[in-house]
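Just so it is clear, none of the values below were taken in a lab; they were calculated from the coordinates. Remember, it's a predicted structure, so these values are computed and weren't measured experimentally. Note: ideal-geometry Cβ built from the backbone for every residue, glycine included; neighbour counts use all protein chains shown.
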Amino acid sequence: MPNDIAATDMAESLFEVIDARRDELVALTCELIRFPTINPPGEAYQPCAEFIGRRLQARGFAVQYVRALGAPGDSDNYPRINVIARREGSGAGPCVHFNSHIDVVQTGSGWTVDPFAGVVRDGKVFGRGACDMKGGLAASIIAVEALIDSGARLPGALEISGTVDEESGGYGGVHHLAERGWFSPPQVNHVIIPEPLNVDRVCIGHRGVWWAEIETHGRIAHGSMPFLGDCAVRHMHAVIERFERELYPKLAARRTDMPVVPSGARSSTLNINSIHGGQAEQQGGYPAPCVPDSCRMVIDRRLLIEESIDGVKAEVVELLEQLVRERAGFRYRLRDIFEVIPTMADRNGPVARHTAAAILRVLGRAPEFICSPGTYDQKHIDRVGKLKDCIAYGPGILDLAHQPDEYVVIDDMVASAKVMALAAWSLVNQRA
Ligand SMILES: [Zn+2]
């Protein structure tokens, strides 16, 4: 940070500005929650993006809207509209970018409050997206505005984006923008994603994913004479049995150096996502009297940074090929559905280091460095944008994401706004 005494004064005055805006932060969070940006299908993206854009334009930001034409789900009824706001710096410092997704998941059942009303109670804001991640978005907006209003020297540029479709892979959002250079140097140098990873933790990356479908083939016959057919479900049982005996123990024994939380996710994992076998039931729920000629199973394999995606796939193919050799009539088809390579930023890199220092300053305790068991938009910034200096840091409590009665703690939002403002200030004052 620039000079110690000046930095202390600067931090104190910044914190005062943010404390004075507590009510404004709460109001902004509520306003964002009131846009029901449910994905799928991608409701209310445009009004939500324009609300963010209008606010930042009035604060001197240059605002651009980018529609991801042709992205999955994009249509005139559900346009994939992203907003990016940029405020140039006074000199040659690096650019700090805060990226939040504006989409939220379905509400589901179990709510005791209106999920899109923006209810404030007991020091918390309730609503779908309060935690994941409109509270984080609001905190980043207040942080940047306070930083500008504090009169601090800001040689580097500040950017805030509201992007879509994170909950469905980010192809209409960060992926689309990253392909067009929005997340690459020299446009952007450091990225903070205010995902809900808890106010005192710095998330430096995430595990990878491989989703695939395995189909076993059989031969249809009358159910009263199964010996005349070949049951695809029994073949699938053989696959699962092989997984239980050979694959699961191997995966459990593999431990990563990534600081993934919870610690159970520090091993490779495999979820059997679903199984569909046999003929569809007839009207009235009556089963068809047939031997199943097909069984499909979707697997959700999460991989560690020490694993290669090719190795992960080869391991499954090897088990299936063993069955081809050993089991009479065994035939299969393997279909890739989706994959993400694991990503991890350097915990000693600028954005992690300055955010950690800011957490220590604001909360009085050293942060924990973690990785996420699931993925978020950092993958696109790393793989497509080729920008490594990216972390997730935000006020929400991870366990509340996607739950009924999701909320964000107001004190956490205020604290995280201070952390974001202080981290951004020290980052833009680095040499570019
Ligand atoms: Zn999220």
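Using the 10 angstrom Cβ neighbour count as an exposure proxy, how do W210, W425 rank, fewest first?
By the 10 Å Cβ count, ascending: W210, W425.
Along the positive direction of the dipole of the range 305-364 (beta-carbon charges: Lys, Arg +1; Asp, Glu -1; about the Cα centre), which of I309, L319, T355 reaches farthest?
It is T355, whose Cα lies furthest towards the positive end.
State, as an integer percentage, the relative contact order of the chain based on alpha-carbon contacts under 8 Å between residues 6 or more apart.
25 percent
Considering only DSSP states other than H, G, I, E and B, which GluC sites (Glu not before Pro) in the range 1-101 qualify as loop sites with at most 15 other Cβ atoms within 10 Å?
Counting only loop positions with at most 15 other Cβ atoms within 10 Å, the GluC sites (Glu not before Pro) in the range 1-101 are E88.
Does anyone have the angle between helix 232-242 and the longest principal axis of the chain? Alpha-carbon axes, 0 to 90°, nearest 10?
Between helix and principal axis, roughly 60 degrees.
Residue by residue through the range 252-266, what is 3J(HN,Hα) from phi via Karplus (6.51 cos²θ - 1.76 cosθ + 1.60, θ = phi - 60°)? Round to whole Hz and write x for glycine and proline.
Computed from phi, the couplings for the range 252-266 are 5, 7, 8, 10, 9, 7, 5, x, 6, 10, x, 5, x, 8, 7 Hz.
Using the Karplus equation 6.51 cos²θ - 1.76 cosθ + 1.60 (θ = phi - 60°), what ³J(HN,Hα) coupling, rounded to whole Hz, does each residue of the range 97-104 give in order, writing x for Gly and Pro?
Values per residue, Gly and Pro as x: 10, 9, 10, 10, 8, 9, 7, 10 Hz.
To the nearest 10 degrees, how steeply does helix 45-57 sit against the main Cα axis of the chain, on a 0 to 90 scale?
Helix 45-57 and the main axis of the chain meet at about 20 degrees.
What is the set of long-range amide H partners of N82 at a cut-off below 5 Å, with H atoms built 1.01 Å from backbone N?
Correct list: V66, R67, A68.
Which percent of Cα pairs goes in each bin when the distances of the chain are cut into 20 angstrom slices starting at zero?
So the P(r) values, bin by bin, are 25, 49, 21, 5, 0.
Per Stokes-Einstein, at 4 °C and 1.567 mPa s, what whole-number D in µm² s⁻¹ belongs to the range 172-246, with the Kirkwood radius over Cα pairs as the hydrodynamic radius?
After rounding, the answer is 71 µm²/s.
If amide hydrogens are placed 1.01 Å from N in the peptide plane, which non-local residues have theirs closer than 5 Å to the one on G93?
The list, which skips near neighbours in sequence, is G156.
May I ask which residue of S263, L398, P41 lies farthest towards the positive end of the charge dipole of the chain, with charges of +1 (Lys, Arg) and -1 (Asp, Glu) on Cβ and the Cα centre as origin?
The one lying farthest along the dipole's positive direction is S263.
Quick check on the exposure proxy: order D230, D300, D310 from fewest to most C-beta atoms within 10 angstrom.
D310, D300, D230
Quick check on the range 41-137: take the gyration tensor over C-alpha atoms, sort the square-rooted eigenvalues as a ≥ b ≥ c, and tell me if it's rounded (a/c under 1.5), prolate or oblate.
Taking the square roots of the gyration eigenvalues as a ≥ b ≥ c, the range 41-137 is oblate.
Which order do D412, D346 fall in if you start with the one that has the fewest other Cβ atoms within 10 Å? Display every interim value, and only then the final one.
On the way: D412 24, D346 14.
Listing D412, D346 from fewest to most nearby Cβ atoms yields D346, D412.
Per-residue HN-Hα couplings for the range 326-332, Karplus 6.51 cos²θ - 1.76 cosθ + 1.60 at θ = phi - 60°, whole Hz, x for Gly and Pro?
Per-residue couplings from phi come out as 9, 10, 4, x, 6, 9, 9 Hz.
For the range 196-273 and the range 284-335, what is the centre-to-centre distance using only Cα atoms, to the nearest Å?
Each part reduced to its Cα centre gives a spacing of 10 Å.
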